[in-house]
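Participant: Right, I'll just put the structure down here and ask away after.
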Amino acid sequence: MQNYLELLNEAKEILKRNTITVTVDGKPYERVIPSRDYYVHQWLWDSAGIAMGQVHLNEEDAFNELVSLVAGQWSNGLIPHIIYNPRESRYYPPADQWQTTRFTKHGIKTSGITDPPLLAISAEYICDNASDEQKKRDFIDKVLPSIVAYHDHLKRYRDPEDCGLLTIVHPWESGTDDSPRWDGILKRIDLNMIPTNIKADVDLNRKDIRYRGSQERPTEEDYYRYIYLIELFKDLSWDYTKIIQETPFAVKDILFNSIWERANEALAALLHTYGNQEEASKYQRWAEETRKALTNTWNEAYRQYCDIDVTQGNHRVIAVPTNALFMPLYAGAVTDQQLDSLLHRLSQADEFYTKYSVPSTAINSQYFNKERYWRGPTWPITNYFIIEGLKKYKTRHKDVDQLANFLTSRTIQMIRDNGFWEYFDPIDDGTKDKAKGMGCSSFSWTAAILIQLIHAAKSL
Ligand code: GLC
């Protein structure tokens, strides 16, 4: 592990540099922003992942990160995907665009949609890895009621059919914002229907392409649609009973739901240790339902798990080959036959086995684009989920261990070779001196995942 020391120090420095302090109701809260380049607020699933890295450096920082995150929770239980930093305006859409302050405490400004629900998983990971029992207790007292309220909110409003799979209502809720999985649905949102003032606002104020080349970012048309959805939800007063019925984007996302499955297992485990046994079995039951429902999203014709487009009562299968198709591993939802198929695809050089695996879209897919985000580049966070998922199947297949180790060392190498970027070019095109890292630099998630991967490799 000696040779990782320098890399670990760099990761530690990045997390330190990206830490900000905000004052809420007269109290200081520390939180880590994803990057100083552009993502200058707190993002739900970034923050949860960051805290999982922090616990290996300083337990207190990990506790603070999640306490700071749940401060942004709405009175109805929703934890929004962005908790805005009041001192920053370098991000679009701005805090005031959402008009959500009436739902939060102490005037905290947030978005109105959520993110993959990584929070409970992070809280469980922190408790498993922290050693100060008293501080752990204090932490649990502060965050556990919020996690329970968040899960109850999601189940109530996002699974009205009680089918075990939650519905997301905006591509940003998937965390894989620009994924080609969403192209078909987004195209059905007719651009002529979008008011000109929304388009003008995007044209004038969109900021991401000032920081990154437009070849890496979503198209202007898709940005019109993203903002149109926000305006629509705002018109519906952020009432999710109505939003679910009226949104032109409603999807049972396999990545989001794989995390939901694991999050309910984590919440059940936390309640088992620190809370109420009856409540624990409720979330265990939810996890089981989701696991079964995920297994059933397998589509034999496409040989993959498929998202389901449930917009306005529809039921359309989305079969785009992205790295999300490996996520049911993380939820433990994979049958033996499905496992063979997944391992095969993960090992194919024309699909997902590349210099820096696992590309966010299969390289032989018509949708593959090695620069555009979530359409090709490799992300450390999704690799982490796939590695953790593979580990669950160690005893079920002889190749699993080797693949998990390969992915761990490649992900570490990818960061060591190129730096702490947001995402990476997955293929080596032979061009020397070309930076393989893309997106924002000194990226907190990348630093935190590196710490976790090295920690896990050490304890093998
Ligand atoms: C991008 C990613 C999203 C992430 C956010 C902050 O929008 O698509 O997953 O949470 O950046 O890092």
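The values are calculated or read from the model by the stated rules, or taken from the named source; none is laboratory data. All figures in this text were calculated on a predicted structure; none of them were measured in a lab. FYI the Cβ positions are ideal-geometry reconstructions off the backbone, even for glycines, and counts take in every protein chain you see. These area figures cover heavy atoms from the full protein model, side chains too; ligands, DNA and RNA do not enter into them. Shrake-Rupley method; radii C 1.70, N 1.55, O 1.52, S 1.80 Å.
Participant: Let me confirm something: among SER75, SER35, SER47, which residue is under 30 Å from GLU231 (Cα atoms) and either assigned to a helix (DSSP H, G or I) or assigned by TED's automatic domain parsing to the domain that holds ILE451 (or both)?
Facilitator: When all the criteria are applied, what remains is SER47.
Participant: Right, next: Is it true that TYR373 is more than 16 Å from the ligand (Cβ to nearest atom) and part of a loop (DSSP other than H, G, I, E, B)?
Facilitator: no
Participant: Tally time: how many residues in region 155-205 are closer than 19 Å to VAL310 by Cβ and assigned to a loop (DSSP other than H, G, I, E, B)?
Facilitator: Total meeting the criteria: 16.
Participant: May I ask you to say which residue of LEU407, LEU343 is over 30 Å from SER441 (Cβ atoms) and out of contact with any Cys (no Cβ under 8 Å at 6 or more places or on another chain)? So that I can check it myself, show each step before the final result.
Facilitator: Numbers: LEU407 fails: over 30 Å from SER441 (Cβ atoms).
After applying the criteria, what remains is LEU343.
Participant: Here's something else I'd like to know. Output yes when any residue across region 130-147 is outside the structural domain of LYS370 (by TED's automatic domain parsing), open to solvent by less than 20 Å² (accessible area, probe 1.4 Å) and assigned to a loop (DSSP other than H, G, I, E, B), and no when none is.
Facilitator: Scanning region 130-147, I find at least one residue that is outside the structural domain of LYS370 (by TED's automatic domain parsing), open to solvent by less than 20 Å² (accessible area, probe 1.4 Å) and assigned to a loop (DSSP other than H, G, I, E, B), so the answer is yes.
Participant: Inside region 204-227, can you point out the residues that are open to solvent by less than 40 Å² (accessible area, probe 1.4 Å), over 22 Å from the mean Cα position of the chain (by Cα) and more than 19 Å from GLU422 (Cβ to Cβ)?
Facilitator: TYR224
Participant: I would also like to ask the following. Which of the numbered conditions does PRO28 fail, given that it passes all the others? Conditions: (1) in a strand (DSSP E or B); (2) within 19 Å of GLU124 (Cα to Cα); (3) not hydrophobic (A, V, I, L, M, F, W, C).
Facilitator: If we test PRO28 against (1) in a strand (DSSP E or B); (2) within 19 Å of GLU124 (Cα to Cα); (3) not hydrophobic (A, V, I, L, M, F, W, C), just (2) comes out false.
Participant: Please determine, by comparing only the residues of region 139-174 that are within 14 Å of the ligand (Cβ to nearest atom) and in contact with a Ser or Thr (Cβ under 9 Å, 6 or more places away or on another chain), which one is nearest to TYR125 (Cα to Cα). Step through it out loud before you land on a result.
Facilitator: Our first condition is that a residue be within 14 Å of the ligand (Cβ to nearest atom); within region 139-174, this holds for 168, 170-174.
The next check asks that each one be in contact with a Ser or Thr (Cβ under 9 Å, 6 or more places away or on another chain); those that pass are 168, 170-173.
Details: ILE168: 25, HIS170: 28, PRO171: 27, TRP172: 25, GLU173: 23 Å.
Filtering first and then ranking leaves GLU173.
Participant: Right, here's the next one. Out of curiosity, is THR297 open to solvent by less than 40 Å² (accessible area, probe 1.4 Å) and in contact with a strand residue (DSSP E or B) (Cβ under 8 Å, 6 or more places away or on another chain)?
Facilitator: On the way: open to solvent by less than 40 Å² (accessible area, probe 1.4 Å): yes; in contact with a strand residue (DSSP E or B) (Cβ under 8 Å, 6 or more places away or on another chain): yes.
When the stated conditions are applied, THR297 passes them.
Participant: Which of the following residues is at pLDDT 95 or above, open to solvent by 40 Å² or more (accessible area, probe 1.4 Å) and within 16 Å of the ligand (Cβ to nearest atom): PRO94, PRO180?
Facilitator: It is PRO94.
Participant: Hey, another quick one. If you check GLN54 against the conditions, is it touching a strand residue (DSSP E or B) at 6+ places or on another chain (Cβ under 9 Å), touching a residue at least 40 places away in the same chain (Cβ under 8 Å) and either farther than 27 Å from TYR157 by Cβ or surrounded by fewer than 18 Cβ atoms within 10 Å (Cβ to Cβ) (or both)?
Facilitator: Here the answer is yes, as GLN54 does meet what is asked.
Participant: Any residue at all in region 438-450 that's away from the ligand (no atom under 16 Å from the Cβ), crowded, with 23+ Cβ neighbours inside 10 Å and not assigned by TED's automatic domain parsing to the domain that holds ASP61?
Facilitator: No, the conditions are met nowhere in region 438-450.
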